[in-house]
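The values are calculated or read from the model by the stated rules, or taken from the named source; none is laboratory data. Fair warning: this is a prediction, and the values are worked out from it, not measured in the lab. Here the Cβ positions follow ideal geometry from the backbone for every residue, glycine too, while neighbour counts run over all protein chains shown.
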Amino acid sequence: MTRLSPELLGELPAGVDVPSYDRQKLKPRIVHLGIGAFHRAHQAVYLDDLLNKQGGDWGIVGVSLRSDSVAKQLLPQGGLYTQLEKGAENQFRIIGSVIDVVVAPEDPDAVIQAIADQHTGLVSLTITEKGYCHNPATGTLLIDHPEIQQDITNNLQRPVSAVGFIVAGLKQRYEQGFPGITVLSCDNLPNNGHVLRCVVSELARIIDPKLSEWIDKHVTFPCSMVDRIVPATTDADLTCVRERLGVVDKGVVSCEPFSQWVVQNQFAQPVPDYAAVGVLLTQDVSAYEKIKLRLLNGSHSLIAYFGYVNGFDFVHQVVNQSVFLALIQRYMTEAQSVLGAPTSFDIEGYKSQLIERFKNPALQHQTYQIAMDGSQKIPQRWLETLTLLLQNGRDTQLFALLIAGWITYLQGKRINGDSFEVMDPMAKQLKTLLEVPGSSGDLKADQSTVDAVMTCQAIFGNLSQRAPGLVQQVNHQYRILNEQGAIAAIHALLGTID
């Protein structure tokens, strides 16, 4: 069957939305690091909305930092791909805002040149939490991170980290006398712009202190909040699109109907008029950021760790179990109590909306996918709320259960006995902690296991020292989980809280 291409746009079936703008006018003015499914279902769609509404020449050069899979999907299709929106009915839309894809390991110079190009007005990122090579507990650059060490040793001649590519590109802009630029993090990190500024400035300072000074004066790092559920594309999605369009599209992304983007209004030079297509520009993103990270992402992590271990492969399956739904709702209530949401924000409506989004069976959102990289996620998703509860003298049993659930997940075994690989940048270190002297050889629940994991400062900071009572609670919940199972542990907890 024929592959999707620009020449075929006019031949697609009625009801399939296609770009109304002239793609020939698009120029490489946005460089996006990490052109995975989320970017293509979120930021690239907002730009496509804007181009459809106003036209213009803003085009995206996507950068794959690891593999060439996205390049192989999009380049033969002229950058085009289908957004499969899964609501009450499937909606099919061709996105045209991506005009090129560069594979960083194959051509690192092309990435650096794209960032340094004087016509580039925006660099954006969706590289996941681990891509920032930072300490999640402090937000500072991990100087001893293997990728950062390689970038320093090679003096950024062939960067391997996203941070290294940004610094290398900014270095060329600085040396060529080009103006500063906006570098926009779109990852699920609290104060993501501040974290990005910190790691970029630290690496730049090591390379050239004067470069770091120039960055501080001329480059902006706005904070942002992004929200859309984008599950991994399945073979069924590819088949669905092929049957609807009558052509093969290997770059399909699937997503829910809901989408939100909040960006701090702090730009080094003009950027696309995103506000015209529903992006909220504000001076303070933090309130929206906290709401999303703690309620949506925090709930997602709960669903993932308890759901996957207990035999549920998809989010909607977990939420449809009354006991897990009760735990999610209680978690949201606890998180809300120290959230400090704006009085004008309908927090109850938002929580109800989240539950309905989680229940969408069409998304087939995998719990195993969400569970990845927990060491990088739970500090901002759970531990910030937990810290506030401790500071206010509030009960922390529920969060003790959540942490115990995550530690149980780290054992790598589902309720039916099947083993699985724990996908986490700290997997080896965490496995070592699970097997500390004094713990049982088969990783059964005991005090030494919990104590060892909770002393990991890269995740928990000094929480175990500040709150020894919490560690005791986690030990208690961990023992119940391993001896009686999740259902009994949740019933016992909710009964105690009630």
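Annotations for the structure displayed:
- With respect to (1) of a type in the set (A, V, I, L, M, F, W, C); (2) without any contact (Cβ under 8 Å) to a residue 60 or more places away in the chain; (3) assigned by TED's automatic domain parsing to the domain that holds Asp48, the lone exception for Phe258 is condition (2).
- Any hit, the stretch 312-333, residues being over 19 Å from the mean Cα position of the chain (by Cα), within 30 Å of Gly193 (Cα to Cα), β-branched (Val, Ile, Thr) and not assigned by TED's automatic domain parsing to the domain that holds Gly485: no
- Exactly one residue out of Ser337, Ser419 is touching a strand residue (DSSP E or B) at 6+ places or on another chain (Cβ under 8 Å), assigned by TED's automatic domain parsing to the domain that holds Val471 and loosely packed, with under 15 Cβ neighbours inside 10 Å: that is Ser419.
- First in the stretch 200-211 and in the same structural domain as Pro159 (by TED's automatic domain parsing), second anywhere and outside any helix (DSSP H, G or I) and of a type in the set (S, T, N, Q), Cβ under 9 Å, 6 or more apart: Glu202/Thr140; Leu203/Ser161; Ile207/Asn155
- Checklist (1) under 23 Å from Ala232 (Cβ atoms); (2) surrounded by fewer than 21 Cβ atoms within 10 Å (Cβ to Cβ) applied to Gly34, failing item: (2)
- Flag if Asp249 is over 27 Å from Ile152 (Cβ atoms), of a type in the set (Asp, Glu) and in contact with a helix residue (DSSP H, G or I) (Cβ under 7 Å, 6 or more places away or on another chain): yes
- Taking the listed residues Ala304, Ala287, Ala341, the one that is touching a Phe, Trp or Tyr at 6+ places or on another chain (Cβ under 8 Å) and modelled with pLDDT under 95 is Ala287, with no other qualifying.
- Highlighted here are the helices (runs of 4 or more DSSP H) found entirely within the stretch 337-384 that include at least 1 residues which are aromatic (Phe, Trp, Tyr) and touching an Asp or Glu at 6+ places or on another chain (Cβ under 9 Å): 367-371.
- Looking across the stretch 443-496 at every residue that is assigned to a loop (DSSP other than H, G, I, E, B) and of a type outside the set (A, V, I, L, M, F, W, C), the one that is nearest to the chain's Cα centre (by Cα) is identified as Gly461.
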